[in-house]
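A.B. asks: Below you will find the structure I want to go over with you.
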Amino acid sequence: MNEFIKALHYDKKDPRIPEEYDFFGALVGEWNIEWVDHLEADEPRRVKGEWIFSWVLEGTAIQDVFIVPSRSERLQNKQPDAEYGTTLRIFNPRSSTWDIFYGCRGEAIRLTARRADDEIILTENTTEEMRYVFSEITSTSFKWRKELKNASGKWYVIAKVMAQRTKE
């Protein structure tokens with residue numbers, strides 16, 4: 001198994017990815033997160049999680065592991081809809097976008113990422129009625145939200161994440 005990890009992991013971005021398209025490089029590392037959903041409720045649900053990002057495939061892609069509740073939190077606060085998933089983001093030089101696959105138990109989604117001002121927007125490819133948005137990215141924190149498009153074409157937030165980089 002060590003050979004698999006050695007072959008997958010990479011320490012840096014491939015230089016063929018232009019700096020202006022290095023959307024996700026700032027996320028590489030380990031993050032403590034708070035997942036918030038049921039936003040319409042008087043008391044939205046808040047769950048501690050973790051999100052780990054790494055360069056992979058000789059620096060041509062970034063993969064993450066998304067864990068909610070976190071591995072330690074699962075021991076005491078197992079959620080019925082707990083998620084342990086992974087996203088693979090591969091830069092596409094032909095379209096200057098990122099081709100993305102997200103998968104977890106019972107779900108697989110293809111998305112495309114583009115930058116819009118200071119946000120990174122990942123739009124689901126099939127219906128284009130769901131998207132994930134990274135915003136307010138700094139060296140120590142970022143925000144993320146999951147949005148759905150309603151019948152009138154307006155986006156509304158159904159879940160969000162606040163992330164803090166772990167101390168290394």
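The values are calculated or read from the model by the stated rules, or taken from the named source; none is laboratory data. All values reported here derive from a predicted model rather than from experimental measurement. Backbone-built Cβ (ideal geometry, glycine too); neighbour counts: all protein chains shown.
A.B. asks: Just wondering, is there one or more residues in segment 34-48 that are at negative phi, small (Gly, Ala, Ser) and not in a loop (DSSP other than H, G, I, E, B)?
C.D. replies: no
A.B. asks: To continue, here is another question. Pick from Thr112, Thr138, Thr86: which is within 15 Å of Asp64 (Cα to Cα) and β-branched (Val, Ile, Thr)?
C.D. replies: On inspection, the qualifying residue turns out to be Thr86.
A.B. asks: Can I ask one more? As an exercise: evaluate Thr166 against (1) in contact (Cβ under 8 Å) with a residue 60 or more places away in the chain; (2) β-branched (Val, Ile, Thr); (3) more than 28 Å from Pro15 (Cβ to Cβ) and give the number of the one condition it does not meet.
C.D. replies: In the conditions (1) in contact (Cβ under 8 Å) with a residue 60 or more places away in the chain; (2) β-branched (Val, Ile, Thr); (3) more than 28 Å from Pro15 (Cβ to Cβ), Thr166 misses (3) alone.
A.B. asks: Now, a different point. Output the residues belonging to segment 52-76 that are in contact (Cβ under 8 Å) with a residue 24 or more places away in the chain and part of a strand (DSSP E or B).
C.D. replies: Phe53, Ser54, Trp55, Val56, Ala61, Ile62, Gln63, Asp64, Phe66, Val68
A.B. asks: Just for segment 36-49: of the residues that are within 22 Å of Tyr102 (Cα to Cα) and touching a residue at least 60 places away in the same chain (Cβ under 8 Å), which one is surrounded by the most Cβ atoms within 10 Å (Cβ to Cβ)?
C.D. replies: If we take residues in segment 36-49 being within 22 Å of Tyr102 (Cα to Cα) and touching a residue at least 60 places away in the same chain (Cβ under 8 Å), then Gly49 is surrounded by the most Cβ atoms within 10 Å (Cβ to Cβ).
A.B. asks: While we're looking at this one, here's another question. Considering only segment 16-30, how many residues are in a loop (DSSP other than H, G, I, E, B), free of Cβ contacts under 8 Å to residues at least 40 places away in the same chain and among the charged types (D, E, K, R)?
C.D. replies: The number of residues fulfilling the criteria is 1.
A.B. asks: Suppose we filter Arg115, Arg131, Arg110 for residues that are modelled with pLDDT of 95 or more, within 20 Å of Thr60 (Cβ to Cβ) and either touching a Gly at 6+ places or on another chain (Cβ under 8 Å) or of a type in the set (D, E, K, R) (or both); which single one remains?
C.D. replies: From the options Arg115, Arg131, Arg110, the qualifying one is Arg110.
Residue-wise test of (1) surrounded by 16 or more Cβ atoms within 10 Å (Cβ to Cβ); (2) assigned to a strand (DSSP E or B); (3) touching a Lys or Arg at 6+ places or on another chain (Cβ under 9 Å).
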{"position": "Lys78", "(1), (2), (3)": "no, no, no"}
{"position": "Tyr102", "(1), (2), (3)": "yes, yes, yes"}
{"position": "Ile121", "(1), (2), (3)": "yes, yes, yes"}
{"position": "Thr127", "(1), (2), (3)": "no, no, yes"}
{"position": "Arg131", "(1), (2), (3)": "yes, yes, yes"}
{"position": "Phe134", "(1), (2), (3)": "yes, yes, yes"}
{"position": "Trp144", "(1), (2), (3)": "yes, yes, yes"}
{"position": "Ala163", "(1), (2), (3)": "yes, yes, yes"}
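A.B. asks: Which numbered condition trips up Gly85, out of (1) closer than 19 Å to Glu107 by Cα; (2) assigned to a loop (DSSP other than H, G, I, E, B); (3) within 19 Å of the chain's Cα centre (by Cα); (4) not β-branched (Val, Ile, Thr)?
C.D. replies: Gly85 satisfies every listed condition except (2).
A.B. asks: Just wondering, is there one or more residues in segment 47-55 that are within 29 Å of Glu129 (Cβ to Cβ), among the β-branched types (Val, Ile, Thr) and over 15 Å from the mean Cα position of the chain (by Cα)?
C.D. replies: Yes; the residues of segment 47-55 include at least one that is within 29 Å of Glu129 (Cβ to Cβ), among the β-branched types (Val, Ile, Thr) and over 15 Å from the mean Cα position of the chain (by Cα).
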